[in-house]
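Before any comments, here is the structure.
What follows draws every value from the coordinates through simple rules; no lab data is involved. Here the structure is a predicted model, which is why all the values come from computation and not from measurement. Note: ideal-geometry Cβ built from the backbone for every residue, glycine included; neighbour counts use all protein chains shown.
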């Protein structure tokens, strides 16, 4: 097994952006729907695994770590089984910087994939609530699920934005490392540790939040003041989306492009 060098990974990333820009509308919808479902199912499993410890502030760090062990399965499924995930697709900026695709084709991909991720995540969230799975632990999982949603919509714009930068910095690093691995196990390990880190640290991921906040809203049924669809979209999803673009698109992809391609093309 041989890991690609960073400059070689950049070329793989650029070509990936070219390929994604060529996908049809149907492909983007279908693959975006799958990716949203993969991330949501991983979120459901992560909450189930960690809710007992997450319920107590004194053990919340342990709960996040346990959840972080489970959650990478979502990105692993996206990467290996196939899917279009908005946060990972922020790396298409490399192909734009290299003038291999247009800004409009990148934005087309982002918009369609984002909406497909959102729709599938919300469907999974509703189905989880409907199934009664949140009754686990005599309803403690339901309480923790609502609490997670409340904590996310209670962040200030700046807090959510910065946490989102950190999050997609790590998510895109996970994709970057996996792009450089030449074996399935290498790709899995490349994804696992950065995602474990972001979940344990408590950073903000827009597609994960498309599941974790709506499921809290569905489970809460309007009982908690401030936990509304407007709060979800404006207080959290907007700043987190912008922060994810900055963290993954510019701080990771843009930095590597400047390091390995800027002067080569000058």
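Hey, what angle do you get for helix 184-201 against the long axis of the chain, alpha-carbon based, 0 to 90 degrees rounded to 10? Roughly 50 degrees, rounded to the nearest 10. Ordering 197, 107 from the fewest to the most neighbouring beta carbons within 10 Å gives 107, 197.
Remark: 76, 69 ranked as 69, 76, counting other beta-carbon atoms within 10 Å and listing the fewest first.
Among 187, 99, 5, the order by Cβ neighbours within 10 angstrom, fewest to most, reads 99, 5, 187. For residue 103 and residue 119, the difference between the fully extended length at 0.36 nm per residue and the C-alpha to C-alpha distance is 3.3 nm.
Compute the angle between helix 60-70 and the longest alpha-carbon principal axis of the chain, please, reported from 0 to 90 degrees and rounded to the nearest 10. Roughly 50 degrees, rounded to the nearest 10.
The sum of -39500 (n - 2.57) across all DSSP H runs of n ≥ 4, divided by the residue count of the chain, sets its helix-only mean residue ellipticity at 222 nm to -23000 deg cm²/dmol.
In percent, rounded to a whole number, the relative contact order of the chain is 29, using alpha-carbon pairs under 8 Å and six or more apart. Residues of the stretch 37-58 with an amide N closer than 18 Å to a point placed 7 Å from the Cα of residue 135 along the Cα-to-Cβ direction: 48. At full extension, residue 259 and residue 230 could sit 6.4 nm farther apart than now, given 0.36 nm per residue minus the alpha carbon distance. Stokes-Einstein diffusion for the chain, with the hydrodynamic radius set to the Kirkwood value over Cα pairs and evaluated at 10 °C in a medium of 1.306 mPa s, equals 86 µm²/s. Helix 6-21 and the long axis of the chain differ in direction by around 70°, with both axes built from C-alpha atoms. Using the Cβ-Cβ distance between residue 56 and residue 185 with R0 = 41 Å, the FRET efficiency computed as 1/(1 + (r/R0)^6) comes to roughly 0.70.
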